[in-house]
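Asks: To start, I am sharing the structure in question, which I have written as structure tokens.
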Amino acid sequence: MISEPATTQKNICCAQVFFCVLFLAQRIFLEKAVILVHMQKKKQMKLTFYGGVGWVTGANFVVENIPEQNTEKPHRIMIDCGMFQGGDDAREKNAMDFHYDPASIDVLLVTHAHADHLGRIPKLVRDGFRGKIYSTDATRDLAPLMFEDSLKIFDYEKKKYDREPLYSEEDVKKTLSLWKGVPFHSRLDLGQGFSVTLHVAGHILGSAMMKLSYGSRNMLFTGDLGNSPDPILKDTEEVKGIHYLLMESVYGDRNHEEREKRVEKLKQTILEVIAKKGALIIPSFALERTQNLLYTINNLVESGEIPQIPVFLDSPLSIKITNVFKKYTHLMNKDVQQKLQTDNDIFAFPGFVETFSIEESKAIAHRDNPKIIISSAGMSHAGRIIFHEKNYLSDEKNILLFVGYQAVGTLGRIIQDGAKKVKIFGKEIEVKAKIETISGYSAHKDSDHLLDFVSRMDENLEKVFVVMGETKSSEFLATKIRDYLGIEAIVPEQDASVLLDME
């Protein structure tokens with residue numbers, strides 16, 4: 001017979017054992033729950049390369065989160081939606097359906113206003129996109145001018161070749177209704193844990209690098225990087241705290257002349273054409289390149305380094321864009337700010353003539369030499385410049401001066417590569433004019449400065465994706481980054497996707 005105290009003591013011991021086991025079970029359960037929660041909270045982001053891969057043009061990249069439940073819709077953010085440029089292949093690629101559902105894109109970030117970065121946005125809207133569009137205010141103001149120019153080209157191609165336009169004027173109106181300007185350096189919430197901060201790229205007026213933040217990490221999309229120091233714009237900013245970098249590589253395998261040399265070469269080319277009593281024809285991008293040229297010629301004329309001769313800006317688009325520049329002088333560098341104190345128009349000078357109408361453009365041919373004609377498009381693939389090349393290429397007194405990148409397949413690239421004859425509007429034209437190139441006027445960083453840009457980032461940088469260049473250019477730059485900086489650098493393939501850890 002067991003006494004009552006003994007029974008009580010046994011019951012107490014059993015209870016202690018029970019609670020001890022329960023405590024251990026709870027602890028194991030909680031530890032597993034913590035591990036599970038930690039695993040669930042690990043953030044990843046998927047990056048897909050839909051354009052700007054293997055090509056300089058057609059920039060188009062999409063990032064999205066990875067939903068915890070398969071039934072949830074990913075939050076999709078697009079960076080740029082640009083046109084492909086460079087002959088029939090580009091035209092076909094532009095007309096193709098997007099490799100994703102445009103309606104699935106929630107936000108579109110636009111780095112800058114060049115057509116190869118925003119040219120297909122109205123097509124994206126036509127095909128179902130209804131999200132929000134963000135860029136700098138200057139890019140937002142330049143965009144309608146770029147779209148207006150494209151609509152004119154579409155109209156011409158419809159009449160001439162019966163080609164269906166990529167989009168309509170109504171699509172452009174819908175596009176602009178979705179678009180908002182964002183100041184530099186302000187953090188913008190994009191939803192679902194994403195945010196973006198815009199930094200100065202120094203490429204063209206209003207161009208921005210997009211610092212995309214998600215989880216505890218950052219990815220920087222450079223857009224195009226400026227050839228700093230630029231004659232007009234502020235320098236490309238250094239951006240810290242970047243873990244992943246997607247960067248351009250237009251000049252990834254070659255370098256420009258120094259800034260002083262490009263001004264001197266322009267000066268000597270002008271003096272040469274004056275001595276020969278010829279015409280200097282400059283195919284120039286309407287946005288940024290033209291304004292840089294006008295600013296430089298203005299300085300040369302005002303300093304007396306070149307005499308006054310007629311300088312025709314034969315591009316309505318360039319004229320309109322130059323007026324936008326005058327609105328955003330606060331985005332220009334200190335030298336320009338200082339010059340504006342004494343020169344209220346840094347883009348005009350004695351002898352300068354703007355030609356709006358077709359009649360005014362045609363009349364240039366009847367003006368005596370020497371003269372300078374600046375006209376778009378910069379790659380001679382469209383626009384009024386083609387008519388001038390048709391008129392002036394066959395005369396050895398004349399000079400054709402390239403001041404920017406010429407994409408493979410464009411008329412500009414064919415001439416630059418040394419063709420002795422070219423076809424313009426179905427007519428064979430002999431190339432007797434002197435062909436010159438000043439790469440120092442490029443608005444892109446060259447190979448050494450692209451490498452320097454990467455080297456200035458801090459130790460957080462883990463991986464670089466090299467895009468927006470011809471394959472050989474991208475591969476060359478990626479190799480330099482790996483060999484000189486010891487950072488993983490990848491040249492992705494079209495439509496490829498990668499998962500990036502964001503914690």
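The values are calculated or read from the model by the stated rules, or taken from the named source; none is laboratory data. What you are looking at is a predicted structure, and each value in this text was computed from that prediction instead of being measured. Using ideal geometry, Cβ is built from the backbone for each residue, glycine included, and neighbour counts are taken over all protein chains shown. Protein only, heavy atoms only, side chains kept; ligands, DNA and RNA dropped before computing areas. Shrake-Rupley method; radii C 1.70, N 1.55, O 1.52, S 1.80 Å.
Asks: Looking for something modelled with pLDDT of 95 or more, part of a strand (DSSP E or B) and within 25 Å of residue 268 (Cα to Cα) - is there at least one such residue anywhere in segment 383-400?
Replies: yes
Asks: Given the residues 222, 136, which is the only one that is in contact with a Gly (Cβ under 6 Å, 6 or more places away or on another chain) and closer than 29 Å to residue 405 by Cα?
Replies: On the way: 222 fails: in contact with a Gly (Cβ under 6 Å, 6 or more places away or on another chain).
It is 136.
Asks: Looking at the structure I just gave you, is residue 308 at pLDDT 95 or above, outside any helix (DSSP H, G or I) and open to solvent by 60 Å² or more (accessible area, probe 1.4 Å)?
Replies: Criteria met by residue 308.
Asks: Considering (1) free of Cβ contacts under 8 Å to residues at least 60 places away in the same chain; (2) open to solvent by 20 Å² or more (accessible area, probe 1.4 Å); (3) not hydrophobic (A, V, I, L, M, F, W, C), say which one residue 409 fails and leave the rest.
Replies: It fails just one condition, (1).
Asks: Any residue in segment 426-440 that's in contact (Cβ under 8 Å) with a residue 60 or more places away in the chain and open to solvent by less than 50 Å² (accessible area, probe 1.4 Å): show its pairings with residues that are outside any strand (DSSP E or B) and of a type in the set (A, V, I, L, M, F, W, C) at Cβ separation under 6 Å, as long as the two are six or more apart or on different chains.
Replies: 433/393; 438/403
Asks: Just for segment 361-377: of the residues that are outside any helix (DSSP H, G or I) and without any contact (Cβ under 8 Å) to a residue 60 or more places away in the chain, which one is surrounded by the most Cβ atoms within 10 Å (Cβ to Cβ)?
Replies: 367
Asks: What is the residue count in segment 202-229 for residues that are open to solvent by 10 Å² or more (accessible area, probe 1.4 Å) and either among the β-branched types (Val, Ile, Thr) or within 21 Å of residue 263 (Cβ to Cβ) (or both)?
Replies: 3
Asks: Could you tell me which of the residues 226, 241 is in contact with a strand residue (DSSP E or B) (Cβ under 8 Å, 6 or more places away or on another chain), in a loop (DSSP other than H, G, I, E, B) and closer than 21 Å to residue 292 by Cβ?
Replies: From the options 226, 241, the qualifying one is 226.
Asks: So residue 497 clears everything in (1) among the polar types (S, T, N, Q); (2) touching a residue at least 12 places away in the same chain (Cβ under 8 Å); (3) more than 21 Å from residue 62 (Cα to Cα) except one condition, right? Which one?
Replies: Residue 497 satisfies all of (1) among the polar types (S, T, N, Q); (2) touching a residue at least 12 places away in the same chain (Cβ under 8 Å); (3) more than 21 Å from residue 62 (Cα to Cα) except (3).
Yes/no matrix, rows are residues, columns are (1) outside any strand (DSSP E or B); (2) acidic (Asp, Glu); (3) over 20 Å from residue 377 (Cβ atoms):
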position: 205; (1), (2), (3): yes, no, no
position: 236; (1), (2), (3): yes, no, yes
position: 263; (1), (2), (3): yes, no, yes
position: 268; (1), (2), (3): yes, no, yes
position: 272; (1), (2), (3): yes, yes, yes
position: 281; (1), (2), (3): no, no, no
position: 287; (1), (2), (3): yes, no, no
position: 291; (1), (2), (3): yes, no, no
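Asks: Any residue in segment 154-171 that's open to solvent by 100 Å² or more (accessible area, probe 1.4 Å): show its pairings with residues that are not in a helix (DSSP H, G or I) at Cβ separation under 9 Å, as long as the two are six or more apart or on different chains.
Replies: Partner pairs satisfying both residue conditions: 156/382.
Asks: Filter segment 62-110 down to the residues that are in contact with a helix residue (DSSP H, G or I) (Cβ under 9 Å, 6 or more places away or on another chain) and open to solvent by 90 Å² or more (accessible area, probe 1.4 Å), then identify the one that is nearest to residue 163 (Cα to Cα).
Replies: The residue in question is 73.
Asks: Return yes or no: is residue 368 over 24 Å from the mean Cα position of the chain (by Cα) and within 30 Å of residue 137 (Cβ to Cβ)?
Replies: no
Asks: Hey, another quick one. Restricting to segment 266-285, count the residues that are open to solvent by 10 Å² or more (accessible area, probe 1.4 Å) and either in contact with a Cys (Cβ under 6 Å, 6 or more places away or on another chain) or modelled with pLDDT under 95 (or both).
Replies: Final tally of qualifying residues: 1.
Asks: Inspect segment 465-478 for any residue being in contact with a Phe, Trp or Tyr (Cβ under 8 Å, 6 or more places away or on another chain), open to solvent by 20 Å² or more (accessible area, probe 1.4 Å) and β-branched (Val, Ile, Thr) and give the result as yes or no.
Replies: No, that holds for no residue.
Asks: Quickly run through segment 236-250 and pick out the residues that are within 16 Å of the chain's Cα centre (by Cα) and under 26 Å from residue 261 (Cβ atoms).
Replies: Residues of segment 236-250 that are within 16 Å of the chain's Cα centre (by Cα), as a first pass: 236-237, 245-250.
Scanning segment 236-250 gives 236, 237, 247, 248, 249, 250.
Asks: Continuing with the same structure: Report, by residue number, each residue of segment 449-468 that is touching a helix residue (DSSP H, G or I) at 6+ places or on another chain (Cβ under 9 Å) and in a helix (DSSP H, G or I).
Replies: 450, 451, 454, 455, listed by residue number.
Asks: Being assigned to a helix (DSSP H, G or I), under 30 Å from residue 331 (Cα atoms) and modelled with pLDDT under 95 is true for just one of 141, 149. Which residue is that?
Replies: Answer to the check: 149.
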